[in-house]
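Comments concern the structure below.
What follows is calculated from the coordinates using simple rules that are stated; it is not laboratory data. Keep in mind that this is a model prediction, so the values were computed, not measured.
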Amino acid sequence: ACSGRSARELMREGNDLAGRGRTADALTFLEAALSLEDRVEVWFNAGKTLSDAGLLPQAVRCYDEALARDPAFVSAWKNKGSALGKMGEVQAAVACFERALQLKPDDAGARVGLEFGRSVLDGDAFDAGEDPSHPEATTPGDYARRLRLHLSVLRAAQNGKRPDTADELLESVP
């Protein structure tokens, strides 16, 4: 299925398969694309596919490969930061978001990631009644859930909406 196709075609097919949740097939196409052409975009897309599948250490390695080829690739810095944060490596995540902002100071996603990472390091909590000193407060799953909550609060504020209760806010988080 991969033979006779260009690296760009294989990358597009891999991205399409990843979008349909077919991670293993997507990675086959992305690996085939890399065998033809060592492209920063393919490494980045492989990282995203792996991250979406929850294979975070492998995703970070792909983002590192992308950044080795293009150290100014802001999206790779942001995605690497997100993956590291979900792995519980918040300090490293903050460093990635800081680098993204050095490259693109007005990047809202990098700014949110940086602020959230710093708040986790400072022990701030985003949901009512959570004790940041609790052992589960900094687990990777909790980091991801708290980040979604933080983003929900920001979106609601941008839309001029304020939930009346903490329960309403928590219901809005995917």
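Values as computed for the structure displayed
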item: P(r) of segment 25-104 over all Cα-Cα pairs, binned every 10 Å from zero, in whole percent; result: 22, 52, 23, 3
item: Length added when fully stretched, LEU103-ASP122, from 0.36 nm per residue minus Cα-Cα; result: 4.4 nm
